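The values are calculated or read from the model by the stated rules, or taken from the named source; none is laboratory data. These figures come from a predicted structure and were not determined experimentally. For neighbour counting, all protein chains shown are included, and Cβ atoms are generated from backbone atoms with ideal geometry for every residue, glycine included. The accessibility values were calculated without ligands, DNA or RNA, using every heavy atom of the protein model including side chains. Shrake-Rupley method; radii C 1.70, N 1.55, O 1.52, S 1.80 Å.
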Amino acid sequence: GEEKPVEQSAGSSSAAEISETAPEFTVNKIGVTYVKSPLNVPSIIEKEKGIFTKAFSEYGLPVEYSNLTTGPEQTQALASGDIQFLYAVGATSVILSASNGADVKIISTYSRSPEAFRLFAGKDSTIQTAADLKGKKIAGPKGTILHELLVAYLATAGLTESDIEFVSMGIPDSQAALVGGTVDCALLAGPVAYNMAKDGYRVVTTGKDLVDATIVVATSGAFYEKNPLLVKRFLEAQAEIAQYMKENAEETLEITAGETELSIEAVKEMFPMYDFSTEITEADITSMKKTEQFMKDNGMIENRVDINGLILKID
Amino acid sequence: MENLCKSYRVAEKQLKVLDGLTVEFPEQSITVILGRSGCGKTTLLRVLGGFEEYDSGTLLRPPLHKMGMVFQEPRLMPWLTVWKNVIFGLPKAQVDPDRIRELINTVGLVGFENAYPAQLSGGMQQRAALARALAYDPELILMDEPFAALDHFIREAMQDELLRIFSVHKKSIIFVTHSIDEALLLGQKILVLDQGRVEQEFSLESFDYPRDILSPELIDVKKNIIKIITQRSIT
Amino acid sequence: MENLCKSYRVAEKQLKVLDGLTVEFPEQSITVILGRSGCGKTTLLRVLGGFEEYDSGTLLRPPLHKMGMVFQEPRLMPWLTVWKNVIFGLPKAQVDPDRIRELINTVGLVGFENAYPAQLSGGMQQRAALARALAYDPELILMDEPFAALDHFIREAMQDELLRIFSVHKKSIIFVTHSIDEALLLGQKILVLDQGRVEQEFSLESFDYPRDILSPELIDVKKNIIKIITQRSIT
Amino acid sequence: MKNFWKAALPIIVIFLLWQVVSDMQIWSSYVLPGPGQVFRSFWAMVKSGVLLLHILVSLWRVLTGFLIAFVLAFLLGILAGVRPASAPYYRHIVEFMRNVPPLSLIALLILWFGIGETSKVIIIVLASFFPMFLNIKKGLASCDIKLLEVGHSLGFNKIQKFCRIMLPHALPDILVGMRVGLGYSWRAIIGAEMIAASRGLGYLILDAQQMSRSDKVIVGIFVIGIVGYLCDCLFSLAIRKALHGGVDNSWS
Amino acid sequence: MKNFWKAALPIIVIFLLWQVVSDMQIWSSYVLPGPGQVFRSFWAMVKSGVLLLHILVSLWRVLTGFLIAFVLAFLLGILAGVRPASAPYYRHIVEFMRNVPPLSLIALLILWFGIGETSKVIIIVLASFFPMFLNIKKGLASCDIKLLEVGHSLGFNKIQKFCRIMLPHALPDILVGMRVGLGYSWRAIIGAEMIAASRGLGYLILDAQQMSRSDKVIVGIFVIGIVGYLCDCLFSLAIRKALHGGVDNSWS
Ligand SMILES: Nc1ncnc2c1ncn2[C@@H]1O[C@H](COP(=O)(O)OP(=O)(O)OP(=O)(O)O)[C@@H](O)[C@H]1O
Ligand SMILES: Nc1ncnc2c1ncn2[C@@H]1O[C@H](COP(=O)(O)OP(=O)(O)OP(=O)(O)O)[C@@H](O)[C@H]1O
Ligand SMILES: [Mg+2]
Ligand SMILES: [Mg+2]
């Protein structure tokens, strides 16, 4: 389905506001990204239970899932109009694309999970503190929460990125590099991090107190303007998911284990690291501002981004 | 058919292959081009057939000629059997299996219809190429040493066949050869080519087919030709 | 050189090309294999040269023979010039430019040393292939209709050249042809091949070179050969 | 039979080595799982039917992409081979595209063609077009002039010359090109299924990497390799049947 | 001159279209930056010298990988072309590898060979080996038996036959293979530089993608395409010089 959003006249979009019964939208389907890693329980539950499908079937709109996992891909797809909601995208990616002129708006928080993001060292590495990292080779994905974690951790010892050798790689590749012994440390998250910890690799630090690891839900400003109803319905559906997770905790874990094919123990151990409440708190905004500052400082963005302006005020 | 042609071509240094040549090929007759190896016979034939550009001069061809050519090499399609090679030039609808079978019989390839060219001897390949040109049934046939690879008897048989075709269907034939005997046997007009020029023309229309090559008149002509060729190559 | 060979090969249906053939090729002499197109001359030569397996029978070859072959087709390397094609068989150190130049002169290709095979006429290509085999200077030369594409005079010159080489260097030559005259001119021993058998052997060692083909004895032999071949093809 | 052993020998050696290395526990099993573990997850996926689904989805994508690429390469190859004069118009663009990594275009493709099948198929087309194009072009352009002249002498028009002489003559080259192209189609499946796939062998590998399931990654690699190989065999077989020995099979 | 215009025409049209589309502001500059913006960031990179650095680093990697792949393909191609009997030993493994996406092997390569140049070069080798191998094999295997027999008649040994007849005969095929291979080397640069690169054109693109800098991505795409094209031209030229017309240039 590569239909582009159907541009309609202003008249029809205002009609959507007038008549609640037969609203007309600028889309004929709802594209949602589906990201299950690192451990995105709400996405898994939602898909299993078909909550969005149910919600949007009220408007006769089918829901289409897209497995776009990386942030840049998601923001690109949003810009192309193929996707309406980025359901779980790193705040860093949103800031990056916004800084480069993309029309992207945050509508709610997805999760915060500082502890799920970790810096690993070899099994019998001597690295204990941030100061020990000086001159070491560290692998991880650039421009992500993990990268931010590293820089924040270095800062605790008064170091900067230039004091270490940072190599940019995806998470699975970073893992392989650490296991193969060609790097001293690797920045890992999700099931990979869990496995490595189980295997005895040393956790140098988690993201706790360093980053907030804010994952958000985003849409485009244009889409919201023309279809506020749909965005509102989306938020309601999100609440339903949270509701379900609270009421069926055991089942939630089982479904997650089944979908990710992780052991139930692993899921149980990792689940508490995540805070899935959807409300955008003051702390979230502050952390995003911090992130934005971090990116500016590290030359990853050239234009400042107004975080408050990024967030859609929906009532 | 009348023409006047003149042309030369390049090798490395400019090499005049055809040099101010003026010939006329009468229609419905057998014209034989005779000459030594490398004297430009093939080139002349290729110019006539339109395979080769010429540098200067004019070439007049009567229109509406369906023209066939037998090349000096067999040039069979290696991926087709003898049968398919023979009918190669014919539209599917026009293939008359009986006629083709007869043709294949004439060139002595019965039993080899399904063989591939690589499985034939050199002479057999040349005969298959001959059959292909005849099957195409052209009004004008250009033949470049078609019988060189054939032994005495098959050659005789083929010469007879050619004369038969000629007399029955009154086709125009231009025949290249280096054998003086063959030229005398077949030609109504013989052009002796040397160094890009027509050294001499002989008209043998008065002799009826089949000819006896040992008849005194023809021996006279033969001596004449030999004299011309040897003379030229000495100078 | 003695041998006894017997072999047959497949086409589609089993086709006996050489059928219980028994021949002996004397050393240091010119043996001519004569036969009609498609009778198996090339096949016999290829078996002798070791290019083709034989099915049964034995083939005895004296050891240490440096053997050269002239194929029925020119088979020049299209990416090499005439000169390079001629010296193709020689190690770099053994190339004697004067000798090569002389050879090229003999085959009448002076001025075409730097031409590529595609730029030569059919006969010239064949002559270049001949020069290649001679340049290689083998003790035994197998020649498959080497002069078929040549005109009367060049053919005569080449025949003389061959006889000269033979008498000076006393090489063994096995020569395939379909021309009875050529066989009579060159052969010390003539094998008439038909249907995979040696129909008849003629020994002409008593005739000295150069021979006069019109001498009564040779005309007798010629008539004999013609009779044999025609007889066979009628049955 | 002897050939079977010859073929089996190196494969057995590789498997044994693998088993030994994984037994030695140099790397833990989630980094380099042993053959046993890989086979178990392979079997689990076979039983549940997901593997077949992944294979079919990818197969469909690969074949679609390959066919489109072939048709394009064939048409452009004909144009280039038969009318070299037209080359200046597209030559530079084709040559330019030949060197551009399809991976770098993913973002643009998503932008223009969305995240549906189109983008995925385009990635595969981009990967397999060029070997086919170059080989077809070479095959047609290197056609023996002598044989073409035969066509001329038989009064063939351009189309007849092309279909009856150039094409059969170029066949071995075209087939080599198609085989290389088919291989590259399979290789491009990861790149293609990076674009929002939820099924397919490429997705299987990418997803397993994210989920740290090395055993599944290896299953995916094996399955792609083997399915691709089988495709290639079928392709060779089909061609051999179609040609029944008319052309030597130097391409197989 | 006329050819120049023929070549320039479609390129100019593309640029104009691009300018028009980006002027129309259908997509924001984040999605599709205009030619002006792209040129500005290109110029900035040229001036600071980073672009040259990226080019040189990638060039070195591509050439190393290409050369290694060529040597391997040549050796194995000779083996396969000259001694078809040896095929069963490696055939299945080669055919298997031919269909495996190099991208899926990145993790394994990092594990075994680290994140240095080795892994990157291996990715390039994997990408360019197969077209060369198949073309070399085909070229050698399809050698005219008639010409080989000439070699036999001149008492050539196997090596002489190979060097003096088979090799020149297979040259056009080998060259087509090499050109396809060179193209694929360039295309593999993104995959290769996914492995912990900090320089190179592939890194430039990947980094720009991650940083959502579409303008830089486009600069990278153009530079790879053009540098690859130039490489190809140089390669063709070198060959044409080396052969001075002996072989028809159906491969160019
Ligand atoms: N394609 C070509 N390029 C350059 N020169 C050529 C080409 N074809 C033929 N020639 C030259 O033209 C001359 C005449 O060649 P042509 O083929 O016409 O001779 P011919 O009379 O047919 O000889 P033969 O009886 O040996 O076939 C030769 O000297 C040859 O070198
Ligand atoms: N490679 C082959 N495969 C199958 N049959 C073949 C092969 N080569 C030759 N033959 C057959 O063997 C027979 C003899 O062929 P050969 O080439 O020996 O004849 P020849 O005496 O040299 O004839 P010519 O004078 O026409 O060259 C022919 O009937 C031919 O069909
Ligand atoms: Mg000629
Ligand atoms: Mg023969």
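Numbers below:
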quantity	calculated
Set E:Lys138/E:Lys241; A:Lys290/E:Lys120; D:Lys6/D:Lys120; A:Lys296/E:Lys47 screened for pairs whose C-alpha atoms are more than 30 Å apart	A:Lys290/E:Lys120; D:Lys6/D:Lys120
Sulfur and carbon atoms: percent of accessible area, the stretch C:76-138 [1.4 Å]	52
Cα-based helix-to-principal-axis angle, C:216-234 vs chain C, degrees rounded to 10	70
Value of [θ]222 nm, deg cm²/dmol, for chain A, DSSP H segments ≥ 4, -39500 (n - 2.57) each, nearest 500	-13000 deg cm²/dmol
Antiparallel bridge percentage (DSSP; both residues within the protein assembly as shown; nearest 5)	45
Within 10 Å of each Cβ in E:30-36, the average number of Cβ atoms from other chains	5
Members of C:Lys41/C:Lys170; B:Lys223/C:Lys227; A:Lys232/A:Lys313 lying beyond 20 Å, as alpha-carbon distances in this model show	C:Lys41/C:Lys170; B:Lys223/C:Lys227
Neighbour-limited loop hits for trypsin sites (Lys or Arg not before Pro), the stretch C:55-140 (at most 15 other Cβ within 10 Å; DSSP other than H, G, I, E, B)	C:Lys66
Chain D: relative contact order as a whole-number percent, Cα under 8 Å and 6+ apart	25
Sum of -39500 (n - 2.57) over DSSP H runs of 4+, divided by residues of chain C (222 nm, nearest 500)	-11000 deg cm²/dmol
Helix E:201-210 axis, angle to chain E major axis (alpha carbon atoms, nearest 10°)	40
10 Å Cβ neighbours from other chains, averaged over peptide A:296-304	1
Accessible surface, chain C, averaged per residue in Å² (probe 1.4 Å)	44
The stretch A:205-229-the stretch D:64-87 distance, computed between alpha-carbon centres (Å)	47
Expected 222 nm ellipticity per residue - DSSP helices of 4 or more, -39500 (n - 2.57), all of chain E, to 500	-25500 deg cm²/dmol
Percentage relative contact order, the stretch B:109-235, counting C-alpha pairs under 8 Å, at least six apart	18
Binned Cα-Cα distance frequencies in the protein assembly as shown - 20 Å width, integer %	9, 32, 26, 18, 12, 3, 0
Cβ-defined net charge surrounding D:Ile124, 14 Å radius [Lys, Arg +1; Asp, Glu -1]	+2
The stretch E:95-252, accessible surface, carbon-and-sulfur percent (1.4 angstrom probe)	66
Chain A: antiparallel DSSP beta bridges as a percent of all, rounded to 5	60
Solvent-accessible area buried by D and A, counting both chains, probe 1.4 angstrom, square angstrom	2300
Whole-angstrom gap from the stretch C:70-146 to the stretch E:2-27, using each part's C-alpha centre	57
For A:Met300, net neighbour charge (Lys/Arg +1, Asp/Glu -1) across residues whose Cβ lies under 13 Å away	-1
Centre separation in Å (Cα based) which lies between the stretch B:35-62 and the stretch E:131-149	36
Accessible area that becomes buried as D packs against B, both chains, 1.4 Å probe, Å², nearest 100	1500
Trypsin sites (Lys or Arg not before Pro) restricted to the stretch B:137-235 and DSSP loop, no more than 14 other C-beta within 10 Å	B:Lys170
Listing of the stretch E:197-246 residues, each with accessible area lower by at least 30 Å² in the full protein assembly than in the chain alone (probe 1.4 Å)	E:Gln209, E:Gln210, E:Met211, E:Ser212, E:Arg213, E:Ile221, E:Gly225, E:Tyr229, E:Gly246
Antiparallel DSSP beta bridges within chain C, percent to nearest 5	30
Shielding score for E:171-183, defined as the mean number of other chain Cβ atoms within 10 Å	5
